[in-house]
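The values are calculated or read from the model by the stated rules, or taken from the named source; none is laboratory data. Values in this document were obtained by computation on a predicted structure and should not be read as measured data. So basically every Cβ, Gly included, is an ideal-geometry build from the backbone, and we count neighbours across all protein chains shown.
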Amino acid sequence: LLNNKQKNEANKILQALTNKRGFYGMISAQTLNQPYLLKNQSPKITQAEISTLKAKYDNQPYVKRINELRYFGMVSELSNEWRYMLNHQTNKSEYLALSQYALQKGWGDLSIQATIVGKLWNNWTERLPIMYKDLYNKALKNKSIPLSYALAISRQESALNSTAKSPAGARGLMQLMPATAKETAKKVDTVTYVSSAQLFDPKTNIELGTSYLNTVYLQNSNNRILSSAAYNAGPNRVKKWLNNSNGKLDAAAFIESIPFTETRNYVKNVLVYDYIYQTILGKKDVNILNPNEFNQQY
């Protein structure tokens, strides 16, 4: 409709889309040059409410087991313990309280699991917790990628589960393949990489993951659409897709032209998560795409 100069008809559709959650709601608002109203249903927690949550859950048997497993570094086992409890939760109204409790304990990965099982899709504070902030900030010194983008990639890759392992063998928070980690480590003087088991260590994973992400980010002129696709599907595939589209597509059309369903959804999710992390971190006047990403022809 826009291409056919039917601006009024196009704007009606775009305006309706601005009420939707996710990528198309956000990019429609940006196309109309108006702010997107992020519907964050996470209530602000008072100190008294935190005390109530602690009194309610601190002495639960599964919490005691999780605390003990955490003490011994058995992260995968404590994750399983939490998931088992969530899947056998009889009181469905408990999921929000459980996600809030986990977040206050610093268990961001467990908070995410509670929002997933409880279908708390608009509780963004619990769905997108900020974990390992100091490690990310330290790793991002002298890199071009912002904190929100590194967090968004990690959230999409592993739901911030440091023990995550994909069927293909990718590991840890930023889901690095051992071969990629080995090659990246040769260029990083802060990591001595000897074993893929190190990728389950958040510090090592974040150091190597942000280094590799920064490489593809710079290769793609700081464009998160292209660098996210490259991180997921590989840089060579992105070059091929750009050659196929030959500068004839706008940002949204290019994303939808990606032939892999996983990568299409991955790119949109990362952009949405980045938008929300920027908002949570206090950035003002946020858009889903920066001007270069939005105006580029792909």
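Given the residues Lys119, Lys143, Lys138, which is the only one that is charged (D, E, K, R), at pLDDT 95 or above and not assigned by TED's automatic domain parsing to the domain that holds Asn265?
After applying the criteria, what remains is Lys119.
Could we say that Leu242 is over 26 Å from Leu147 (Cα atoms) and not in a helix (DSSP H, G or I) here?
It is false that Leu242 is over 26 Å from Leu147 (Cα atoms) and not in a helix (DSSP H, G or I).
Is at least one residue of region 13-30 of a type in the set (A, V, I, L, M) and at pLDDT below 95?
There is no residue in region 13-30 that is of a type in the set (A, V, I, L, M) and at pLDDT below 95.
Please find, within region 128-153, the residue that is nearest to the chain's Cα centre (by Cα) out of those that are under 12 Å from Ser227 (Cβ atoms) and small (Gly, Ala, Ser).
Ala152
Go through (1) in contact with a helix residue (DSSP H, G or I) (Cβ under 6 Å, 6 or more places away or on another chain); (2) under 26 Å from Asn161 (Cβ atoms); (3) β-branched (Val, Ile, Thr) and name the single condition Thr215 misses.
With (1) in contact with a helix residue (DSSP H, G or I) (Cβ under 6 Å, 6 or more places away or on another chain); (2) under 26 Å from Asn161 (Cβ atoms); (3) β-branched (Val, Ile, Thr) applied to Thr215, the lone miss is (1).
Could you please give the count of residues in region 205-221 that are in contact (Cβ under 8 Å) with a residue 40 or more places away in the chain and either assigned to a helix (DSSP H, G or I) or surrounded by 15 or more Cβ atoms within 10 Å (Cβ to Cβ) (or both)?
Matching residues across region 205-221 total 10.
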